[in-house]
2 protein chains.
Amino acid sequence: MIKKVLKFGGTSVGSIERIRHVAKIIEKEIKQGNSVIAVVSAMAGKTNELLNLSKNISTDFNKRELDVLLSTGEQITSALLAGALTNLNINAKSWLNWQIPILTEGEHSNARIINMHVEQINNFLKQKGVAVIPGFQGIMRNGDISTIGRGGSDATAVAIAKIFQTDICEIYTDVDGVYSTDPNKIPVAKKIEKISYDEMLELSSLGAKVMQSSAVQTAMMYNIPLEVKSTFTNRDGTQIFEQENIDYKKSVTGVAYSKDDSKITIIGVEDKPGVAANLFEPLNNAQINVDMVIQNISSDQKTTDITFTVKREDILKTIDILKKNKKIDYKKITKNDKVAKVSIVGAGMVSTPGVTYKMFKALADEKINILAISTSEIKLSVIIDEKNILNSIKKLHTVFDLD
Amino acid sequence: MIKKVLKFGGTSVGSIERIRHVAKIIEKEIKQGNSVIAVVSAMAGKTNELLNLSKNISTDFNKRELDVLLSTGEQITSALLAGALTNLNINAKSWLNWQIPILTEGEHSNARIINMHVEQINNFLKQKGVAVIPGFQGIMRNGDISTIGRGGSDATAVAIAKIFQTDICEIYTDVDGVYSTDPNKIPVAKKIEKISYDEMLELSSLGAKVMQSSAVQTAMMYNIPLEVKSTFTNRDGTQIFEQENIDYKKSVTGVAYSKDDSKITIIGVEDKPGVAANLFEPLNNAQINVDMVIQNISSDQKTTDITFTVKREDILKTIDILKKNKKIDYKKITKNDKVAKVSIVGAGMVSTPGVTYKMFKALADEKINILAISTSEIKLSVIIDEKNILNSIKKLHTVFDLD
């Protein structure tokens, strides 16, 4: 007997027909003798529908009441799935945030799960019961409903896997796994069978948003095996474990990218301690997400140039904040708002010499100019002109034997 | 300062615009220094939408999960109204069934409210807070969500008025009160300013379904003053109290009717004790609702004729059951499935001689044949041919000075 968390995302439960189908997936697990906790998202579109109701009342809608409102989305799916299961003669019950309870701390709409009670549900599982739990929510110490921020239902699923000590957490979604690059853009993209948490994080924070990063982080921290798989096919998905459990045959696991970036360079900044902090503090305060940061010492050795990227929608606000910043002194600011980031990701990179050179050579062969470079243990990212994005992904995918 | 329950039905909260309007109504009460508990229904159409989701899974959907599903309807309205109120700078909070909690007993989808905790909400009211409570639901002793059957949100409102000992319970709806007869059929129908619980019950169980009967019964039992009024006009509604508080100027308060009736007469039934019980027991078991029952001693004094009415949709089933009933002996059964019931209702009837004669004379003047008669303290009902329904209501409305 394996104890499993199965998490079903919004498209997986997007219609009655699909909810019936999810019930069949669970039925199969039960017939195999497995013990199942199902975590469900709101039906696709439902959360936006509820959010729009609140926005029509006020764009500054009360945060406590917003959580009361939004939590109904997953509650509806939970009731429907539990009902569909009992209709298949499976002992099933929905367990709402306050019935378990799932305790959270932090602010409304951005809470974190800190604990949950396991006894009742564990007893129910022992009676071959399927517990259906709404994702994305919990209650606060004062009894208010909270919704959890980053990670949503994925975070709930991983937290349940951790606290209930299940053997695995399976994330059912509308794609059948993590790919070596975006299969919609590059048809030769291949599904990755096994991947490490780190690689998954590098891939998911870029292009391939199959699973929320914070949920992967939690899984990594507690070493919870994950599997991302499709609700709509029977194929195997992508398994995500610790790096040690993977036998790397290739240096690079995948090619990721992000679009809609823009690059800002501040030329001739005085090179002294604290300058980067002074530069980025007001951007952080304005909640502008700074991605890559590269600093070079300039030729005169007294000043330096700092390059960083932000989302394109933030570029005007960013430059405005930089210009108003009295704490920094510089010669000029240049910007390029038509750039993209392409990254090769692979835990095998560190043990394979020449990966860096191979990447630069491949891009040079395609006459693609590199505007900035940034590296980490398992990732190598370059900023290029946006127009070169498809070409560079294709080339890198081929060069690193991913086709 | 008056402590009030304000209950808003489905059409009153049927859109965002209407929810804002309801918030304004509550704002006015708060400005007048009143203390308000608001009880809300699901937005018009919402409960059916949810019910259809469950029916698409199964027509025999799990009852526990159905309650989990349906309860989201009122939860959504509660969050939206509380949010709309805080947006008007009013201290407001939604309180869900389990947060109060509202304790119920009985079966799923047909539970009864037995108690609720008052301390927290009373403290909140003292801080000029508006408590917004979803109607139609509660929790069971085992922590399951329940929905309450007959009476729905009206029953919640009256139970809250009783347990919180409020001064009044105001039922906001889409009509502006209780009328002397159906204003859609008889344009001269007049709004009744004051009415007794008994009269309200007689009227609401017939044509004028402004408020659920079981909620009126509870209000009568605990002597809770009610007012039925329109959400969409500023006019006074209809006040409902104990009979002693009303100064009757007219013998008749209103004319009610019910359509889609059918009449069955069993001729020549042996006249001995227990015959009626033997006759109606199997009908009761089959959940057929028998309305009027009239028994006359027939000329031979050994047999009798029994006439009763049932809803038209039940007539075939009823006759089938009668024919299979081995416990009764009779000559024959006749039926008329094109009849209607017209009733005059009034607590003043009992002290006014000649009301009965006046009614029969009025119908005779219109050449309307009376097929059966039944009377109670405050009601006089006749069964007539369906085609005469409009004529008879008009005539009785005029004759009893209600125009």
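The values are calculated or read from the model by the stated rules, or taken from the named source; none is laboratory data. Just so it is clear, the model here is predicted, and its values are computed rather than measured. We place every Cβ from the backbone using ideal geometry, glycine too, and count neighbours over all the protein chains shown.
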Take the residues of region B:131-144 that are over 28 Å from residue B:90 (Cβ atoms) and not small (Gly, Ala, Ser): which is surrounded by the most Cβ atoms within 10 Å (Cβ to Cβ)? B:144
Which one of these does residue A:111 not meet: (1) more than 7 Å from every other protein chain (Cβ to nearest Cβ); (2) in a loop (DSSP other than H, G, I, E, B)? (2)
Are any residues in region B:79-98 in a helix (DSSP H, G or I) and facing chain A (nearest Cβ under 7 Å), and if so, which ones? B:79, B:80, B:82, B:83, B:84, B:86, B:87
Among the residues of region B:89-113, write down those that are of a type in the set (A, V, I, L, M) and either in contact with a Pro (Cβ under 8 Å, 6 or more places away or on another chain) or loosely packed, with under 15 Cβ neighbours inside 10 Å (or both). B:96
Just to be sure before I move on: is residue A:28 out of contact with any Leu (no Cβ under 9 Å at 6 or more places or on another chain), basic (Lys, Arg), without any contact (Cβ under 8 Å) to a residue 40 or more places away in the chain and more than 19 Å from residue A:153 (Cβ to Cβ) in the structure I sent? yes
Examine region A:159-172 for a residue that is without any contact (Cβ under 8 Å) to a residue 24 or more places away in the chain and more than 14 Å from chain B (Cβ to nearest Cβ), and state whether such a residue exists. no
Looking at region B:147-158, is at least one residue within 14 Å of chain A (Cβ to nearest Cβ) and farther than 23 Å from residue B:36 by Cα? yes
How about region B:65-78: which of its residues are closer than 13 Å to residue A:96 by Cα and at the interface with chain A (Cβ under 7 Å from one of its Cβ atoms)? B:65, B:68, B:69, B:72
On the basis of being exposed (fewer than 11 other Cβ atoms within 10 Å of the Cβ), at pLDDT below 90 and acidic (Asp, Glu), does residue A:291 make the cut? no
Set A:286, A:340: member being closer than 27 Å to residue A:394 by Cβ and not hydroxyl-bearing (Ser, Thr, Tyr): A:340
Say whether the condition of being free of Cβ contacts under 8 Å to residues at least 60 places away in the same chain, within 30 Å of residue A:203 (Cβ to Cβ) and in the same structural domain as residue A:387 (by TED's automatic domain parsing) is met by at least one residue in region A:317-333. yes
What number of residues within region A:324-357 are touching a Leu at 6+ places or on another chain (Cβ under 8 Å) and farther than 30 Å from residue A:303 by Cα? 4
Exclusive hit being among the aliphatic types (A, V, I, L, M) and in contact with a helix residue (DSSP H, G or I) (Cβ under 8 Å, 6 or more places away or on another chain), set B:269, B:228: B:269
Would you mind telling me which numbered condition in (1) touching a helix residue (DSSP H, G or I) at 6+ places or on another chain (Cβ under 6 Å); (2) more than 22 Å from residue A:144 (Cβ to Cβ); (3) among the hydrophobic types (A, V, I, L, M, F, W, C); (4) crowded, with 16+ Cβ neighbours inside 10 Å residue A:44 fails? (1)
Breaking point among (1) surrounded by 16 or more Cβ atoms within 10 Å (Cβ to Cβ); (2) in contact (Cβ under 8 Å) with a residue 40 or more places away in the chain; (3) more than 9 Å from chain A (Cβ to nearest Cβ), for residue B:128: (1)
Number of positions in region A:267-294 that are over 14 Å from residue A:383 (Cβ atoms), outside any loop (DSSP other than H, G, I, E, B) and not aromatic (Phe, Trp, Tyr): 14
Residues of region B:11-31 being away from chain A (no Cβ under 11 Å) and not basic (Lys, Arg), in sequence order, are B:11, B:12, B:13, B:14, B:21, B:22, B:25, B:26, B:27, B:29, B:30
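So in region B:35-55, with the set limited to residues that are of a type in the set (Gly, Ala, Ser) and at negative phi, which one is farthest from the other protein chains (Cβ to nearest Cβ)?
Within region B:35-55, the subset of a type in the set (Gly, Ala, Ser) is B:35, B:38, B:41-42, B:44-45, B:54.
With the extra rule that they be at negative phi, the set shrinks to B:35, B:38, B:41-42, B:44, B:54.
Numbers: B:35: 20, B:38: 13, B:41: 15, B:42: 11, B:44: 14, B:54: 6 Å.
Going through the qualifying residues, I end up with B:35.
Please count how many residues of region B:363-385 are part of a helix (DSSP H, G or I) and surrounded by fewer than 18 Cβ atoms within 10 Å (Cβ to Cβ).
Number of matching residues: 2.
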In region A:114-125, residue nearest to residue A:1 (Cα to Cα) [restricted to those that are in contact (Cβ under 8 Å) with a residue 12 or more places away in the chain and assigned to a helix (DSSP H, G or I)]: A:125
Counted residues, region B:249-266 - those being in contact with a strand residue (DSSP E or B) (Cβ under 9 Å, 6 or more places away or on another chain), surrounded by fewer than 22 Cβ atoms within 10 Å (Cβ to Cβ) and in a loop (DSSP other than H, G, I, E, B): 1
Cβ-Cβ under 7 Å pairs, at least 6 apart or on other chains, region B:204-231 side on the phi > 0 side of the Ramachandran plot, far side at pLDDT 85 or above and not small (Gly, Ala, Ser): B:223/B:242
Quick check on region A:187-209. Is at least one of its residues over 21 Å from the mean Cα position of the chain (by Cα), among the hydrophobic types (A, V, I, L, M, F, W, C) and not assigned by TED's automatic domain parsing to the domain that holds residue A:95? yes
Is one or more of the residues making up region B:181-190 surrounded by 23 or more Cβ atoms within 10 Å (Cβ to Cβ), more than 29 Å from residue B:64 (Cα to Cα) and either within 14 Å of chain A (Cβ to nearest Cβ) or in contact (Cβ under 8 Å) with a residue 40 or more places away in the chain (or both)? yes
Enumeration of residues in region B:25-55 that are farther than 21 Å from residue B:127 by Cβ and part of a helix (DSSP H, G or I): B:46, B:47, B:48, B:49, B:50, B:51, B:52, B:53, B:54, B:55
Does residue B:22 satisfy the condition of being outside any helix (DSSP H, G or I) and at pLDDT 95 or above? no
